[in-house]
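Participant: My questions all concern the structure below.
The values are calculated or read from the model by the stated rules, or taken from the named source; none is laboratory data. Treat the numbers as computed from the prediction; the structure is a model and nothing was measured. Glycine gets a Cβ as well: all are built from the backbone with ideal geometry, and neighbour counts include every protein chain shown. Side chains included, ligands, DNA and RNA excluded: accessible areas come from the protein's heavy atoms. Shrake-Rupley method; radii C 1.70, N 1.55, O 1.52, S 1.80 Å.
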Amino acid sequence: MNSQYFAQYLLNTGMLSGDEVKGMLMKSMSCKPKLPLLAMYQGLVTARQLTDLGVETAAFAAAAQEKGLLTKSQVQNLSQAVTGESLRFAQALLDAGRMDYVRLAELFADYREAPVRPLKEAVARLADGSLDKELEYYNAYVEIFMRSLIRFMDTPAVINVFESLLDSDEQTRIVSQRLSGDLSMVTGLFAADDTFVEMARRYSREDIQEVDELAVDSITEFLNVMNGLYAIDLAKRQMDVDLELPRAAKNQKPVGSHQLELRIDTGFGSFVLVLATDEFVLHDLA
């Protein structure tokens, strides 16, 4: 199971509410997984051994070596381990007292054995049987999009399958781009202005303070990169697509054929990823 989507699994299964997940996403952005969690996750110690050891994190390395649970080499390797979003999220749960090691171990085991990938399950729930052949392509796109969102914007993220999309009273922006050729598909990012600005700031690494030309260009470039990565994935399936010129609009709601809207919650805010099979018709927000 992918190490990025433990939070998505907990949301899908109802182990955590949408509000709890959003709060923990924010907390996890500043979390660094600690040695006890890393040791448990890699199967070097059990949750029960951690509980019985009964020491603070700072004293864990020495105590674990003294008890023969870990070697000095293993401690050094754990200290240098590359961790993913799932472990940062798990550490946030521990730090907040929301779960203990025993419960986390049980949930990690369930997560690894889940028959359906968490993102695919979330997409299927939101599609609710209304999509047929489109679902295969939407699933593939969402996998690439979420992985790249985490990478390029340095944030944990989940697809929120329970809450409404966006508050229609907010000022919003949308950027979209059509893919044509062997596959016809349109992708769009729809966000309130403050979230749009933060997305642009994170992607561009520029000090963007408002929805200006640089902000729009930054999100347009991000979407273009996403679609380019997806085009490469399609090429591996012997499918050729072209990326058309992106569009941008203010306070407009997209409507398209076989449309799927996914609310994406991140550590800094929420926005909507919109997928359809033809160009969006844009309507004024009510």
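Participant: Take the Cα coordinates of segment 131-286, assign each an equal point scatterer, and use the Debye formula without solvent to give log10 I(q)/I(0) at q = 0.09, 0.14, 0.16 Å⁻¹.
Facilitator: Debye curve over Cα of segment 131-286, log10 I(q)/I(0) at q = 0.09, 0.14, 0.16 Å⁻¹: -0.26, -0.65, -0.86.
Participant: With every protein chain present, what is the per residue accessible area of segment 1-46 (1.4 Å probe, Å²)?
Facilitator: 42 Å²
Participant: Take every Cα pair under 8 Å in the chain that's 6+ residues apart, average their separations, divide by the length, and report that relative contact order as a whole percent. Walk me through the intermediate numbers first.
Facilitator: Numbers: 428 pairs, mean separation 60.5, N = 286.
Contact order relative to length: 21 percent.
Participant: Still on this structure, I have one more. Could you tell me the calculated FRET efficiency between ASP100 and GLN171, based on Cβ-Cβ distance and R0 = 45 angstrom, to the nearest 0.05? Write down the numbers at each step before the final one.
Facilitator: Details: r = 43 Å, r/R0 = 0.95.
So, using R0 = 45 Å, E works out to roughly 0.55.
Participant: Follow-up question, since we're still on this one. Rounded if a/c is under 1.5, else prolate if a/b is larger than b/c, else oblate: which is the chain, with a ≥ b ≥ c the root eigenvalues of its Cα gyration tensor? It would help to have the intermediate numbers written out before the result.
Facilitator: Numbers: a/c = 2.20, a/b = 1.96, b/c = 1.12.
Taking the square roots of the gyration eigenvalues as a ≥ b ≥ c, the chain is prolate.
Participant: Same structure again: Suppose R0 equals 22 Å. What FRET efficiency, 1/(1 + (r/R0)^6) with r the Cβ-Cβ distance, do GLU136 and MET15 give to the nearest 0.05? Show your work: numbers first, answer last.
Facilitator: Working: r = 28 Å, r/R0 = 1.28.
For GLU136 and MET15, the calculated efficiency is 0.20.
Participant: Separate question: Given the pairs LYS27/LYS67; LYS22/LYS133; LYS120/LYS236; LYS133/LYS250, which are separated by over 26 angstrom at their Cα positions?
Facilitator: Numbers: LYS27/LYS67 32 Å; LYS22/LYS133 32 Å; LYS120/LYS236 20 Å; LYS133/LYS250 31 Å.
Where the Cα-Cα span goes over 26 Å, the pairs concerned are LYS27/LYS67; LYS22/LYS133; LYS133/LYS250.
Participant: Moving on to the next point. Averaged per residue, what accessible area in Å² does segment 246-286 show with a 1.4 Å probe, protein chains only? Spell out each step's value before the answer.
Facilitator: On the way: 1620 Å² over 41 residues.
Per residue, segment 246-286 has an accessible area of 40 Å².
Participant: I've got another one for you. Tell me, what % of the accessible area of the chain is carbon and sulfur with a 1.4 angstrom probe?
Facilitator: 47 percent
Participant: Can you sort ARG173, ARG147 by 1.4 Å-probe accessible area, starting with the largest? Write down the numbers at each step before the final one.
Facilitator: Numbers: ARG173 50, ARG147 120 Å².
Per-residue accessible area, sorted high to low, gives ARG147, ARG173.
Participant: Helix 193-204 versus the longest principal axis of the chain: what angle, 0 to 90°, nearest 10, using Cα atoms?
Facilitator: Long axis of 193-204 versus the principal axis of the chain: about 70 degrees.
Participant: In degrees, nearest 10, range 0 to 90: what is the angle between the Cα axis of helix 213-235 and the longest Cα principal axis of the chain?
Facilitator: Long axis of 213-235 versus the principal axis of the chain: about 80 degrees.
Participant: For LYS34, go through the aspartates and glutamates and keep the ones whose alpha-carbon is under 17 Å away, minus same-chain ones fewer than eight residues off.
Facilitator: GLU56, GLU85, ASP95, ASP100
Participant: Per residue, how much accessible surface does segment 75-156 expose to a 1.4 Å probe? Answer in Å², no decimals. The partial results should precede the final answer.
Facilitator: Working: 3920 Å² over 82 residues.
Value for segment 75-156: 48 Å² per residue.
Participant: For segment 33-146, what is the largest minus smallest coordinate of the Cα atoms on each principal axis, given in angstrom and ordered from greatest to least?
Facilitator: Reported extents, whole Å, longest axis first: 58, 25, 23.
Participant: Can you put ARG48, ARG103 in order of accessible area, largest first, using a 1.4 Å probe?
Facilitator: Details: ARG48 135, ARG103 85 Å².
Highest to lowest solvent-accessible surface, that is ARG48, ARG103.
Participant: Quick one, what does Rg over Rh come out to for segment 167-227 if you take C-alpha atoms and the Kirkwood Rh? Could the numbers behind the result be given before it?
Facilitator: Working: Rg = 12.5 Å, Rh = 12.1 Å.
Dividing the radius of gyration by the Kirkwood radius yields 1.03.
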